[in-house]
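S.K.: Supplied in structure tokens, the structure appears directly below.
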Amino acid sequence: MTTLRLLSYNVRSMRDDVDALARVMREIAPDVAIIQEAPRFLRWRSQCAALARRAGLVGVTGGRASGANLILSSLAVEVRATHELGFSTDKKLHHRGAAIAVLKLAGSPFAVAGTHLDLIEAPRLRHLDELATFAEGFVPENAPLIVGGDLNAVPGSATWQRLLAFGADAFAAVGTGDGFTYSSADPVRRIDGVFADPRLQPLKAETIDTADVRIASDHRPLVVEFLLPDAELSTGNRVDAQGVQLPGQVE
């Protein structure tokens with residue numbers, strides 16, 4: 001059985017102490033990191049690449065097109081498919097989206113979707129429906145999906161209830177402490193979360209509080225460990241006319 005270490009972290013466009021941010025991420029040493037508020041304006045590609053490099057990770061997908069969501073991983077993770085999903089827009093509201101990747105670790109397939117939802121509930125719910133519809137066609141059946149990020153909502157809200165359709169709230173299942181993630185200096189709310197397909201067993205969930213965390217961003221990082229199911233043998237893979245594998249089994 002393989003353990004996946006996942007980090008969800010809003011880095012506030014790297015406007016705070018970037019050295020502290022890099023130290024925080026290196027100390028956590030995730031297999032996969034879903035990042036919210038990645039740089040998305042001037043030189044955003046080079047800034048995202050620098051963040052990955054300084055954190056000891058590599059870029060998988062994401063950036064401006066996905067609403068400043070970013071997926072990073074260690075070199076142990078194999079990338080099978082990626083997509084930058086833009087959500088429908090509303091006047092006077094920020095462009096939102098999700099970064100999505102189908103991955104494998106030690107032969108076990110899984111998928112990750114990282115998002116940063118709106119401050120208003122109606123678009124949050126609509127965007128989660130859009131994410132679910134896209135994931136249904138994009139994520140192979142044998143790749144259990146993890147959805148997480150900065151949700152701008154708290155447990156018990158309609159948004160949180162909608163997220164439970166993706167799977168269990170990992171922190172509620174195995175977390176320690178109150179799980180508050182905002183703000184980093186004086187946390188009073190749990191607005192960051194990770195939800196996972198029932199085939200993924202959560203082992204541990206915690207928010208990190210160190211001196212570096214308090215100056216690296218305005219959010220605390222959320223770390224969740226999952227037990228991945230045993231690797232499944234690929235059967236009946238489907239491909240399109242260009243040879244691209246269609247949803248089904250991950251080889």
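S.K.: Quick one: how many residues across segment 156-191 are more than 18 Å from residue 132 (Cα to Cα) and either of a type outside the set (S, T, N, Q) or free of Cβ contacts under 8 Å to residues at least 12 places away in the same chain (or both)?
M.R.: Summing the residues that are more than 18 Å from residue 132 (Cα to Cα) and either of a type outside the set (S, T, N, Q) or free of Cβ contacts under 8 Å to residues at least 12 places away in the same chain (or both) in segment 156-191 gives 19.
S.K.: Of these, 70, 105, 75, 119, which one is modelled with pLDDT of 95 or more and surrounded by 23 or more Cβ atoms within 10 Å (Cβ to Cβ)?
M.R.: Every option except 70 fails the conditions.
S.K.: Hey, can you tell me all the residues within segment 22-60 that are more than 20 Å from residue 222 (Cα to Cα) and not small (Gly, Ala, Ser)? Talk me through it step by step, then tell me what you get.
M.R.: To start, the set of residues in segment 22-60 that are more than 20 Å from residue 222 (Cα to Cα) comprises 40-47, 49-50, 53.
Residues satisfying the conditions are 40, 41, 42, 43, 44, 45, 47, 53.
S.K.: Report, ordered by the first and then the second residue, all pairs with beta carbons closer than 9 Å, sequence separation of six or more or different chains, a first member in segment 69-90 that is in contact (Cβ under 8 Å) with a residue 40 or more places away in the chain and more than 17 Å from residue 58 (Cα to Cα), and a second member that is in a strand (DSSP E or B) and among the small types (Gly, Ala, Ser).
M.R.: Here the result reads 85/97; 85/98; 85/99; 85/113; 87/97; 87/98, each pair linking segment 69-90 to a residue that is in a strand (DSSP E or B) and among the small types (Gly, Ala, Ser).
S.K.: Let me ask something else. Which of the residues that make up segment 193-224 are more than 16 Å from the chain's Cα centre (by Cα) and within 17 Å of residue 144 (Cβ to Cβ)?
M.R.: 198, 199, 201, 203
S.K.: Among the residues of segment 96-119, which ones are on the phi < 0 side of the Ramachandran plot and outside any strand (DSSP E or B)?
M.R.: Result: 96, 117, 118, 119.
S.K.: Out of 143, 153, I need the residue that is in contact with a Ser or Thr (Cβ under 6 Å, 6 or more places away or on another chain), crowded, with 16+ Cβ neighbours inside 10 Å and among the hydrophobic types (A, V, I, L, M, F, W, C). Which one?
M.R.: On inspection, the qualifying residue turns out to be 153.
S.K.: While we're looking at this one, here's another question. Filtering segment 194-209 down to residues that are in contact (Cβ under 8 Å) with a residue 60 or more places away in the chain and within 19 Å of residue 35 (Cα to Cα), which residue is surrounded by the fewest Cβ atoms within 10 Å (Cβ to Cβ)?
M.R.: So, considering only residues that are in contact (Cβ under 8 Å) with a residue 60 or more places away in the chain and within 19 Å of residue 35 (Cα to Cα), the one surrounded by the fewest Cβ atoms within 10 Å (Cβ to Cβ) is 208.
S.K.: Which of the residues that make up segment 47-72 are within 12 Å of residue 33 (Cα to Cα) and among the hydrophobic types (A, V, I, L, M, F, W, C)?
M.R.: Listed by number, the residues that qualify are 51, 52, 55, 57, 58, 60, 70, 71, 72.
S.K.: Can we say residue 102 is touching a helix residue (DSSP H, G or I) at 6+ places or on another chain (Cβ under 9 Å), touching a residue at least 40 places away in the same chain (Cβ under 8 Å) and of a type outside the set (D, E, K, R)?
M.R.: So residue 102 fits the description; yes.
S.K.: Is one or more of the residues making up segment 147-170 aromatic (Phe, Trp, Tyr), in a loop (DSSP other than H, G, I, E, B) and on the phi < 0 side of the Ramachandran plot? Steps first, answer last, please.
M.R.: The first filter runs over segment 147-170 and keeps only residues aromatic (Phe, Trp, Tyr), leaving 160, 166.
After this cut, where a residue has to be in a loop (DSSP other than H, G, I, E, B) as well, the list is 166.
Subsequent filtering for residues that are on the phi < 0 side of the Ramachandran plot retains 166.
Scanning segment 147-170, I find at least one residue that is aromatic (Phe, Trp, Tyr), in a loop (DSSP other than H, G, I, E, B) and on the phi < 0 side of the Ramachandran plot, so the answer is yes.
S.K.: Oh, and also: One residue is enough: does segment 47-55 have a residue meeting the conditions touching a helix residue (DSSP H, G or I) at 6+ places or on another chain (Cβ under 6 Å), over 22 Å from residue 96 (Cα atoms) and not basic (Lys, Arg)?
M.R.: Yes, there is a match, as at least one residue in segment 47-55 is touching a helix residue (DSSP H, G or I) at 6+ places or on another chain (Cβ under 6 Å), over 22 Å from residue 96 (Cα atoms) and not basic (Lys, Arg).
The values are calculated or read from the model by the stated rules, or taken from the named source; none is laboratory data. What you see is a predicted model; the values in this text were computed from it and never measured. When we count neighbours, we look across all protein chains shown, and the Cβ atoms used for this are built from the backbone with ideal geometry, even at glycine.
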